[in-house]
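Please read the structure below before turning to the comments.
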Amino acid sequence: MKDIIIVGSGPAGHTASIYSARADLSTLLFEGWMAGGVAPGGQLTTTTEIENFPGFPDGISGPKLMSDMKKHAANQGVEFLMETVESVDLSRRPFKVKTSSREEEAQAIIIATGATAKRMHVAHEEEFWQKGISACAVCDGALPLFRGQPLVVIGGGDTAMEEAMHLSKFGSKVYIVHRRDELRASKAMQERVLANEKIEVLWSTVLVDVGGSNALEYVLLKDVKTGKEFKQEAKGMFYAIGHTPNTDFLGSQITTDDMGYIVTEKGTTNTNIPGVFAAGDVQDKIYRQAITSAGTGCMAALDAEKYIVENPL
């Protein structure tokens, strides 16, 4: 039996494992294998350049950052399994964690499985993923390839409005592609966007495809009322159509909100089950940044350590 099992290998999971192992707690981290459609290391493995993680003034690639975090954790004695957790039994301690090939037990569990950005997966999307296409304007919008260029945001809710406002600081023009003739965003957000001269809403329009040579150069759009397709020049396209928390393996054992995000006690990483903690994007639908995920990973490890000390098996 381990002291702590961590499910998830992004910034939250790795940070939690570092703190856990340094507290002299036996720690097992399940990295997952293409869980949520991404490689071990989480969404950052699909990010080519990170310019806003403290300590890297010249930037660092997402895969390199996650590789270094894993090395750091390994140096502290964390044990890794590159397997995807398929189910957990949280009905009693020790908690049970199951994959297709094994079952492990732990005094405490930290869930750090993240959330997967929703994408439309149009025909040529994969060719330009991270070559002009992103699902996080706050993460990538300030990169040099987007500065002074026409940019596109797909979506119509508050997140899409926030992303468009952020991108308007860097791009020459920002086009919001929305399938309806009215936005879903709050009135206040709509007013801010519509008053911004650098932002234009393409109403009743949907994404059909993307294109370019070595990097994104245009998006192919369709007017849903006329059926007419047209190309819009774009050096960047950002999905803002929501995220799906990776919580299916939990069944209904953990309390989640109406969007599927794990609910944690305010100011802590405690879930509704004592001894089970949640960190990173799986419980954060607001910030969704590497640094905030790492911060909650630290919190989860400290919360779990305190719990184990006060509730030994």
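Just so it is clear, none of the values below were taken in a lab; they were calculated from the coordinates. All values reported here derive from a predicted model rather than from experimental measurement. In this analysis, Cβ positions are derived from the backbone assuming ideal geometry, glycine residues included, and neighbour counts consider all displayed protein chains.
Could you work out the relative contact order of the chain, using alpha carbon pairs under 8 angstrom and six or more residues apart, expressed as a whole percent?
Working: 730 pairs, mean separation 66.1, N = 313.
Result for the chain is 21 percent.
Between residue 200 and residue 86, with labels modelled 7 Å along Cα→Cβ, what's the label distance in nm to one decimal, could you check?
5.2 nm
For residue 6, enumerate residues with amide H under 5 Å from its amide H, sequence gap 5+ or separate chain, H modeled in the peptide plane.
Distant-sequence amide H within range of residue 6: 28, 29, 30, 110.
With viscosity set to 0.890 mPa s and temperature to 25 °C, compute the Stokes-Einstein D of the range 160-216, Rh being the Kirkwood radius across alpha carbon pairs; µm²/s, no decimals.
Details: Rh = 12.3 Å.
Answer, rounded: 199 µm²/s.
Once the piece of chain linking residue 76 and residue 285 is laid out straight, how much longer is it, given 0.36 nm per residue of separation minus the C-alpha distance between them? Display every interim value, and only then the final one.
Details: separation 209, 0.36 × 209 = 75.24 nm, distance 3.03 nm.
Length gained, residue 76 through residue 285: 72.2 nm.
What's the extension gain from residue 231 to residue 26 if we count 0.36 nm per residue and subtract their Cα-Cα distance? Mind showing how you got there, number by number?
Values: separation 205, 0.36 × 205 = 73.80 nm, distance 5.55 nm.
Taking residue 231 through residue 26 to full extension adds about 68.2 nm, to one decimal.
Treat the range 1-146 as a sphere of radius equal to its Kirkwood radius over Cα pairs and apply Stokes-Einstein at 4 °C in a medium of 1.567 mPa s; give the translational diffusion coefficient in µm²/s, rounded to a whole number. Working shown, then result.
Working: Rh = 16.4 Å.
Result for D is 79 µm²/s.
Which residues' amide hydrogens lie under 5 Å from the amide hydrogen of residue 237, considering only partners 5 or more residues apart or on another chain, with H built in the peptide plane?
It is 133, 134, 152, by chain and number.
Given the options 120, 57, 88, identify the residue whose Cα lies farthest towards the positive end of the charge dipole of the chain (+1 on Cβ of Lys, Arg; -1 on Cβ of Asp, Glu).
120
With the dipole of the chain worked out from charges on the C-beta (+1 for Lys and Arg, -1 for Asp and Glu) around the Cα centre, which of 99, 271, 245 lies farthest toward the positive end?
In the chain, that residue is 245.
Give the angle, between 0 and 90 degrees and rounded to the nearest 10, that separates the Cα long axis of helix 11-22 from the longest principal axis of the Cα atoms of the chain.
Between helix and principal axis, roughly 20 degrees.
222 nm [θ] for the chain, helices only, -39500 (n - 2.57) per DSSP H run of 4+, per residue, to 500?
Working: 7 runs with 73 residues, N = 313.
Dividing the helical sum by the residues of the chain leaves -7000 deg cm²/dmol.
Karplus couplings for the range 82-99 from phi (6.51 cos²θ - 1.76 cosθ + 1.60, θ = phi - 60°), rounded to Hz, Gly and Pro as x?
For the range 82-99, the Karplus curve yields 8, 10, 9, 6, 9, 7, 9, 10, 9, 6, 7, 8, x, 6, 10, 10, 10, 10 Hz.
Considering only 215, 130, 236, whose Cα is most displaced toward the positive end of the charge dipole of the range 119-239, charges sitting on Cβ of Lys, Arg (+1) and Asp, Glu (-1)?
236
Along the three principal axes, how long is the range 170-301 when you take its alpha carbons, biggest first, rounded to the nearest angstrom?
Result for the range 170-301: principal-axis Cα extents of 55, 36, 30 Å.
Based on alpha-carbon positions alone, could you give the equivalent ellipsoid semi-axes of the chain from the gyration tensor, as √(5λ), descending, whole Å?
On the way: eigenvalues 300, 77, 59 Å².
Equivalent ellipsoid semi-axes, largest first: 39, 20, 17 Å.
Can you list the HN-Hα couplings for the range 106-115, worked out from phi with the Karplus curve (6.51, -1.76, 1.60; θ = phi - 60°), rounded to whole Hz and with x for Gly and Pro?
8, 6, 9, 10, 10, 9, 9, 8, x, 9
Taking all pairs of distinct Cα atoms, average 1/r, flip it, and tell me the Kirkwood hydrodynamic radius of the range 74-188 in Å to one decimal place.
Details: mean 1/r = 0.0554 Å⁻¹.
Taking the inverse mean of 1/r over all distinct Cα pairs, the range 74-188 comes out at 18.0 Å.
Going by amide H atoms built from the backbone, whose H comes under 5 Å of the H on residue 49, apart from near neighbours?
62
Once both labels are modelled 7 Å past Cα along the beta-carbon direction, what's the residue 223-residue 145 spacing in nm?
If labels sit at residue 223 and residue 145, their model points lie 3.1 nm apart.
Work out how far the C-alpha atoms of the range 119-239 reach from end to end along every principal axis, then list the three figures in whole Å, largest first.
For the range 119-239, the Cα extents along the three principal axes come out at 38, 35, 22 Å.
Work out, step by step, the length gained on full extension between residue 188 and residue 208: first 0.36 nm times the residue separation, then minus their alpha carbon distance; give nm to one decimal.
On the way: separation 20, 0.36 × 20 = 7.20 nm, distance 2.97 nm.
Result for the pair: 4.2 nm of gain on full extension.
In debye, nearest 20, what is the charge dipole magnitude of the chain about its Cα centre with +1 on Lys and Arg Cβ and -1 on Asp and Glu Cβ, if you could check?
Numbers: 31 positive and 40 negative charges, 95 e Å.
Using only the charged Cβ atoms, the result is roughly 460 debye.
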